[in-house]
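Nothing in this text is a laboratory measurement; each read-out follows from the coordinates by a stated rule. For clarity, every value in this text was computed on a predicted model and none was experimentally measured. Cβ: placed from backbone, ideal geometry, glycine included. Neighbour counts: every protein chain shown.
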Amino acid sequence: MSKKKFPKLKKNDLIEVEWVDIETSGEWKTDKDASTAKCPTCKTCGYFINKTNGVLRISHSIGVPEPDDKELPDRDLTVIPYSVVRNIKVMTWPQDTHHDLAIHRVFRILQHYSPLSNE
């Protein structure tokens with residue numbers, strides 16, 4: 001089996017991970033539908049933490065440290081088994097525009113997969 005080739009990542013790189021999830025259903029399916037069911041492909045965006053022991057760790061939110069903090073801020077955590085990862089894309093910050101544009105791109109990606117309500 002060939003080894004997956006993904007970009008070299010640094011801590012807190014903003015990345016988009018494409019991965020394969022498990023499909024399960026409690027509803028009744030015909031034999032044909034059950035025999036042809038596929039696993040869904042998902043995308044998750046976040047800040048790269050590390051890749052060790054067969055898993056990829058990312059966080060979606062990182063606390064903002066106070067100026068006198070001596071420790072790294074807390075963060076949330078998502079752990080994805082590396083065996084289900086199909087692709088990793090580093091989200092680049094535009095060189096000639098404000099960094100908010102890159103953040104807007106991430107939100108646009110997330111809205112595509114889970115539209116925000118207008119409430």
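At-a-glance table
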item	result
Filtered residues of region 16-63 (kept if without any contact (Cβ under 8 Å) to a residue 12 or more places away in the chain and surrounded by 10 or more Cβ atoms within 10 Å (Cβ to Cβ))	29, 33, 34
Region 1-48: number of residues that are aromatic (Phe, Trp, Tyr) and more than 12 Å from the chain's Cα centre (by Cα)	2
Complete set of residues in region 1-43 that are of a type in the set (Lys, Arg) and within 28 Å of residue 55 (Cβ to Cβ)	3, 4, 5, 8, 10, 11, 38, 43
Members of region 12-35 found to be closer than 18 Å to residue 46 by Cβ and polar (S, T, N, Q), listed by number	12
